[in-house]
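Trainee: Quick one: this structure, given as structure tokens, is what I'll be asking you about.
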Amino acid sequence: MAHDYEQERLDSQLMTAIRSGSGHEVKMLLEMGASHKATDQNGLGTVVSAAMSRSPDRLKPLLDAGADPNMRWESDSSGRQLTALMIVAEVGAEKCVQLLLNTGADPDLKDAKGMTALMYACEWGELKTVDALVAGGADIYEVNNDGKSACDIAREKDFKLTAGSDVLDTEIAAKKVNDIGNPKLKQDITVRGPLRFKMRTG
């Protein structure tokens, strides 16, 4: 019983540190025995909570301790089942995106609407996270439940997909994707510069 109470206390302190503490506090609590599988009173998991905080310093110790980089927001009342990667992608938290990708996060996982992390980054015009996801192997040919790809979503939101000075008006990959040999690509296309957005001006 005492052991259970101590574990609950440590896990509770960990969740508080993830929300509003420092990376050092998170690491220290994990070393003291707090579980990287802990949840808060609302069922929010550690990695998802760190993703919401947009803090790479709080996220890294969790991933180093073996936390699941594909953790989903299971308690989301909307039922979307967002992954941590989707959450950081749509808010432009590039360093968090890189951390998750580097520890095995799958960029092509989908939520209940068939949306991927790349689609969310495109929806919000988050340039740096789009680049990071494409470089990390995200499949630009994936479509959501409405049959729309990331490029379709970007165009709907009045962004242009560009590569250097070339406007990419079709679903193609940037040069950096070809460079890493993404096996999911249907063709090899060389363009100048990384995949980027710019506001449509006319």
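The values are calculated or read from the model by the stated rules, or taken from the named source; none is laboratory data. Values in this document were obtained by computation on a predicted structure and should not be read as measured data. Neighbour counts are summed over all protein chains in view; Cβ atoms, including those assigned to glycine, are modelled from backbone coordinates with ideal geometry.
Trainee: Across segment 84-106, what is the total count of residues that are closer than 16 Å to TRP124 by Cβ, outside any loop (DSSP other than H, G, I, E, B) and of a type outside the set (A, V, I, L, M)?
Mentor: Final tally of qualifying residues: 3.
Trainee: For LEU133, are the conditions met, namely being more than 25 Å from ALA17 (Cβ to Cβ), of a type in the set (A, V, I, L, M, F, W, C) and in a helix (DSSP H, G or I)?
Mentor: Spelling it out, LEU133 is indeed more than 25 Å from ALA17 (Cβ to Cβ), of a type in the set (A, V, I, L, M, F, W, C) and in a helix (DSSP H, G or I).
Trainee: Determine if segment 132-144 includes at least one residue that is surrounded by 15 or more Cβ atoms within 10 Å (Cβ to Cβ), over 25 Å from LEU63 (Cβ atoms), at pLDDT 90 or above and not hydroxyl-bearing (Ser, Thr, Tyr).
Mentor: Yes, the conditions are met somewhere in segment 132-144.
Trainee: In addition: So, of the residues in segment 31-48 that are touching a Leu at 6+ places or on another chain (Cβ under 7 Å) and surrounded by 16 or more Cβ atoms within 10 Å (Cβ to Cβ), which turns out to be nearest to ALA84 (Cα to Cα)?
Mentor: Residues of segment 31-48 touching a Leu at 6+ places or on another chain (Cβ under 7 Å): 32-34, 36, 38, 46-47.
Okay, now just the ones that are also surrounded by 16 or more Cβ atoms within 10 Å (Cβ to Cβ), so 34, 36, 38, 46-47.
On the way: ALA34: 20, HIS36: 14, ALA38: 15, THR46: 10, VAL47: 7 Å.
Across segment 31-48, the extreme among qualifying residues is VAL47.
Trainee: Looking at (1) at pLDDT 95 or above; (2) over 18 Å from ALA150 (Cα atoms); (3) surrounded by fewer than 17 Cβ atoms within 10 Å (Cβ to Cβ); (4) of a type in the set (Gly, Ala, Ser), which is the only condition ALA51 fails?
Mentor: (3)
Okay, residues lined up against (1) of a type in the set (Val, Ile, Thr); (2) farther than 17 Å from VAL48 by Cα; (3) touching a residue at least 40 places away in the same chain (Cβ under 8 Å):
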| residue | (1), (2), (3) |
| --- | --- |
| ALA84 | no, no, no |
| GLU90 | no, no, no |
| LEU101 | no, no, no |
| THR116 | yes, no, no |
| LYS128 | no, yes, no |
